């Protein structure tokens, strides 16, 4: 996993990385639990698909959301992505239509 230590510290500070993942040795140095890599990959993937830090904090909070609320939030994000895909498909088709209409020429765009 390629995650800067500053990001890991920030995630600790704001509560994304909870105490269950951070242990301390006899010198009080941080030792991370072995399953933190998988956990941080989930966080990273959630950010990549458009969840906010606040969404993620709510999802991981023990008192933050029920399973039904998690499912609803994920389904809402899926619907948002599908709507964005539809809009991109329409935009792409509009560009193909523009090319097919031969609107571009040496006289300038849209000039026949």
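All of the numbers you see were taken from the coordinates with simple rules; none came from a lab. This is a predicted model, so every value here is computed, not measured. FYI the Cβ positions are ideal-geometry reconstructions off the backbone, even for glycines, and counts take in every protein chain you see.
Relative to the compact globular guide of 2.2 N^0.38 Å, what is the alpha carbon radius of gyration of the chain, as a ratio?
On the way: Rg = 22.8 Å, N = 112, 2.2 N^0.38 = 13.2 Å.
Ratio of Rg to 2.2 N^0.38 Å for the chain: 1.72.
Relative contact order for the chain: 12 percent, from Cα pairs under 8 Å spaced at least 6 residues apart, divided by residue count. Label-to-label distance, residue 18 versus residue 44, with points set 7 angstrom from Cα along the beta-carbon direction: 2.2 nm. Between 0 and 90 degrees, the angle of helix 36-48 with respect to the longest Cα principal axis of the chain falls at about 30 degrees.
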